[in-house]
Amino acid sequence: MAPEAHLSHLHRADGSATYTHNGYSVIGAVNGPIEVQRRDEMPEEATLEIHVRPAAGIGSPKERHLETLLHNTLRSIILTRSIPRTLVQITLQVRSLPEGGTVTDVNTSLALLPHLLQTALLTLLSASIPLSTTLTSVLVAIPASKSSKPIAPLLAPTADDLLRARPIRSTHVFAFSGNRKLLLNESHGVFTYEEWDEACEMAEEVCCKDKGGVGLNEGVEVDGSQVNLDEWLRSVVKRKVEVEQRWRIAP
Amino acid sequence: MATSSTVLLPGDSISPSALPKPQNRKKHLTLGPGLRHMPPNTIASTIAGLLVTDSKKNAAWVEYNSGRYLPAAGDLVIATVNTSGGENFNCLITPNTPYASLPHLAFEGATRKTRPQLSSNSLVYCRVINPGKDSFPELTCVDPSTGKSEGLGPLKGGMVFKISLGMARRLLAGKKGGVTLLEGLSEKLGFEVAIGRNGVLWVDGGSVKATLAVGRAVQEVDEQALGEKGQKKLVEKVLRGL
Amino acid sequence: MPREAEISVNEREFIRQALQENIRLDGRAFDAFRPLELSFGEEYGVVDVQLGKTRVIARISVDVTTPLPERKFDGIFQIITEFSPMASPAFEVGRPTDAEVILSRILEKAIRRSNALDTESLCIIAGIKCFALRADVHIVDHDGGLIDASCIAVMAALQHFRRPDVLVEGEKATVLSVREREPIPLSILHQPLCVTFSYYEDGEIFLVDANLAEEQVRQGEVIVTMNRHGEVCQVAKYGGATVDPLAILNYINVALGKVKDMSAFIQKRLNEDAKKRDVGGLMAELSAENAR
């Protein structure tokens, strides 16, 4: 299933997006650039504030950890020096999680991370915050092999995929910039360097490799043809521009 | 001005062939919002939008219509007075941003003895003279060369309506913006408007009904992206309603 | 500390002037709600409510814990409302605004203390095990009317939610997963809903479901909570200006009509959703159990 995105659908926030993929749905909003509190003000850079809010309950250390990861990754793509002494405030509200997602042995915050990253990027695009590049992110899971033969890693697996492939030995989250540089990697579990390398290459392929790559298992499709996440992002932005420019062609 | 069909994502570099062809070699290339120059000779976008070039002015920029208003020198904005300091008013251009300063003397005919009295939360139509990237934004209500207000100053009465930043640009762009609604309405209806680049439209139509009708009609053109025909129909509908 | 931007004097004056001429900015009648939209998530107990530009998401979740020692036969039910900067930069995490405190207090009175939910039915083994139900209210978009929208969201979510079934054998209780046994709906005793009245001109003019701009101009508010049977659960008045006691009776009359409409609307949406989920007749079985 291709991810679904809605941009700029909230009225109050400066930028907003809802990103739905594999049973996960996250609503994101950006306020900014706005006034920063004196104690957080930086003379030459913008301050970034990220709130991750779980679907149920209030934030726990798990969310704080995700916030730190997001903060470091997004900080590297936001042109913070072009909007000094301001605050960019990103709120990510998890709306729904896949059913039965908690019964698998995959670290739940790791499985959520790519969805948060994708949502955050879409909201930043919607808010027109200056960025040096875009990013795409994906989860790779490596199931434990029962025989000596290694099993192919699962790319952007759904909750059902993970359930069927149990036990999972390791999970990896990768994020790539628009110019195909690795921005973030978080891995969990037991794995060899070769396995990690394979997972990384697979992730790169779905995120940003040129056409001719494998594409997602289920296929991210735009207008019927398989594309990688980078091209998917481009199609989302194209739709945004079409909506903004439709007055030019309106009768 | 040429609107290309090049949709840009942040980080996309602009190929030299897409840049405007200068008619006048002496004129330097000007980069507008959403573009940045990375030495030695890469030009890349920083926001998502449409690449627009103007070969007459030898300029290129990214057109977009989402996000918060960022002050730029020369822009007309409708600001809200928050407090009055010793020498200037502290104004808000958009909510939750640092105060912009509007000197007491930056009004037509204002002197130390006859400075304008503006209560908190009143509206002023003013021009940005300094976007305040390195300090706070500065505003003025006079043309510095003539000392005249040129239509700027406190806005009394009327009502403000929120419009998109793109709509505000179009309304100020005259014919190029493709908004014929106000002209159409003005044939039968007398009203005053002020357009702020910060996405604020001020309307005073003399009566509640007329003000609301004009304000809401502009919002409708904005939200539904009405073309020329659509706007004509809307004008008729509004005038019939009054 | 960031604060909500105040409304300009021009807007304030204009809105008041318009109200005197019987006009609301969006053309609504004084006693009309904004268009209400309700949708359910894929999971049970997730409701997305849109009231004009205001948008609230409520989610019910359940856990098994030990009941409170002083209430051995009751389950636990909590409503959590925490504002996030998503709805407005003026909302800070961990620093509740007045609006947030009032919202949680009203929901507490309207839903929890009016016993809308039969907490006894959440008890598994008296004094040892019970269900702890929590309703999370997320404000996603804020254009006024948060109390009314949140109340609709929580009540609709409670009616939509299904809790897992339990198997009790003596002192041993087993929670059956969704795959093993079809989950069961909550036992809801009545459906309270809130209607907020904003008043102007010393109570001479009142508005139903004011938007943010209208809220900023009002002198005070009266929140009436009642169910469709006409039983008033709570009445709260905020803001200093005085209101005629008879006006409150009038408010209650108006509120009853609104509550009836909204209850019918929620029921309609619940039925539509049930129909959509009804694959293989499982729901038919459940509703038979419900009717019992």
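The values are calculated or read from the model by the stated rules, or taken from the named source; none is laboratory data. Bear in mind that the values here come from a model prediction, so they are computed numbers and not experimental data. Here the Cβ is made from the backbone with ideal geometry for all residues, glycine too, and neighbour counts use every protein chain on show. Remember, those area values only see protein heavy atoms, side chains included, never the ligands or the DNA or RNA. Shrake-Rupley method; radii C 1.70, N 1.55, O 1.52, S 1.80 Å.
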Just to verify a number: what accessible area does A:LEU69 come out at with the full protein assembly present, 1.4 Å probe, Å² rounded to tens? 30
Round to the nearest 10 and give me the degree value, 0 to 90, for the angle of helix A:229-249's Cα axis relative to the longest principal axis of chain A. 30
Chains C and A together, accessible area buried on both sides, 1.4 angstrom probe, square angstrom: 2400
Please state the charge dipole magnitude for the protein assembly as shown, taken about the Cα centre, from unit charges on C-beta atoms (+1 on K and R, -1 on D and E), reported in debye and rounded to the nearest 20. 1880
Average accessible area per residue (Å²) across the protein assembly as shown - probe 1.4 Å, nucleic acids and ligands excluded: 45
Carbon/sulfur fraction of accessible area - chain B, other protein chains in place, 1.4 Å, %: 52
Hey, what D do you get for the protein assembly as shown in µm²/s if you plug the Kirkwood alpha-carbon radius into Stokes-Einstein at 20 °C and 1.002 mPa s? 74
What Rg and what Dmax come out for segment C:104-193 when only alpha-carbon atoms are used, in angstroms? 15.4, 52
Counting only protein heavy atoms and a 1.4 Å probe, tell me what percentage of chain A's accessible area is made up of carbon and sulfur. 52
Round to the nearest 10 and give me the degree value, 0 to 90, for the angle of helix A:61-77's Cα axis relative to the longest principal axis of chain A. 70
What is the sum of charges, Lys and Arg at +1 and Asp and Glu at -1, for the other residues whose Cβ falls under 12 Å from the Cβ of C:THR97? -3
Relative contact order [Cα under 8 Å, 6+ residues apart], segment C:184-234, whole percent: 39
So what does A:HIS115 come to for accessible area, using a 1.4 Å probe and Å² rounded to 10? 20
Per the helix-only calculation at 222 nm, which mean residue ellipticity applies to chain A, given -39500 (n - 2.57) for every DSSP H run of n ≥ 4 and division by its residues, nearest 500 deg cm²/dmol? -10500 deg cm²/dmol
Accessible-area value, C:PHE83, 1.4 Å probe, nucleic acids and ligands omitted, Å²: 0
In what order, largest first, do B:ASP134, C:ASP26, A:ASP14 sit by accessible area if the probe radius is 1.4 Å? B:ASP134, C:ASP26, A:ASP14
Of all DSSP beta bridges in segment B:76-155, antiparallel share, percent nearest 5: 95
Can you list the residues of segment B:96-145 whose accessible area drops by at least 30 Å² going from the chain on its own to the full set of protein chains, with a 1.4 Å probe? B:ASN96, B:PRO98, B:ASN121, B:LEU123, B:LYS133
Rg ratio (alpha-carbon, reference 2.2 N^0.38 Å) - segment B:76-155: 0.99
Cysteines of chain A without any disulfide-compatible partner (other Cys Cβ under 4.7 Å) are A:CYS200
Please give the charge dipole size of segment B:159-240, origin at the Cα centre, charges +1 on K and R Cβ atoms and -1 on D and E Cβ atoms. Round to the nearest 20 debye. 180
Summarise the accessible area of chain C (1.4 Å probe, protein heavy atoms) by the percent that is carbon and sulfur. 49
Which of the GluC sites (Glu not before Pro) across segment A:21-73 are loop residues per DSSP, with 16 or fewer other Cβ within 10 Å? A:GLU41, A:GLU44
Accessible surface buried upon B-C contact (total; probe 1.4 Å; Å², nearest 100): 1500
Between chains B and A, what is the buried accessible area in Å², counting both sides, with a 1.4 Å probe and ligands, DNA and RNA left out, to the nearest 100? 2900
Of the listed links B:LYS56/B:LYS232; C:LYS53/C:LYS109; B:LYS56/B:LYS175; B:LYS57/B:LYS148; B:LYS175/C:LYS53, those spanning more than 22 angstrom between alpha carbons are B:LYS56/B:LYS232; C:LYS53/C:LYS109; B:LYS57/B:LYS148; B:LYS175/C:LYS53
Rounded to whole angstrom, the alpha-carbon centroid of segment B:185-242 lies from that of segment A:1-26 at a distance of 32
A correct Karplus calculation of ³J(HN,Hα) over segment B:181-186, with 6.51 cos²θ - 1.76 cosθ + 1.60, θ = phi - 60°, whole Hz and x for Gly and Pro, returns 4, 4, 4, x, 5, 5
Sorted by accessible surface (1.4 Å probe, heavy atoms of the protein chains only), largest first, B:ASP75, A:ASP197 come out as A:ASP197, B:ASP75
Ignoring ligands, DNA and RNA, how do A:ASP40, C:ASP63 rank by accessible area with a 1.4 Å probe, largest first? C:ASP63, A:ASP40
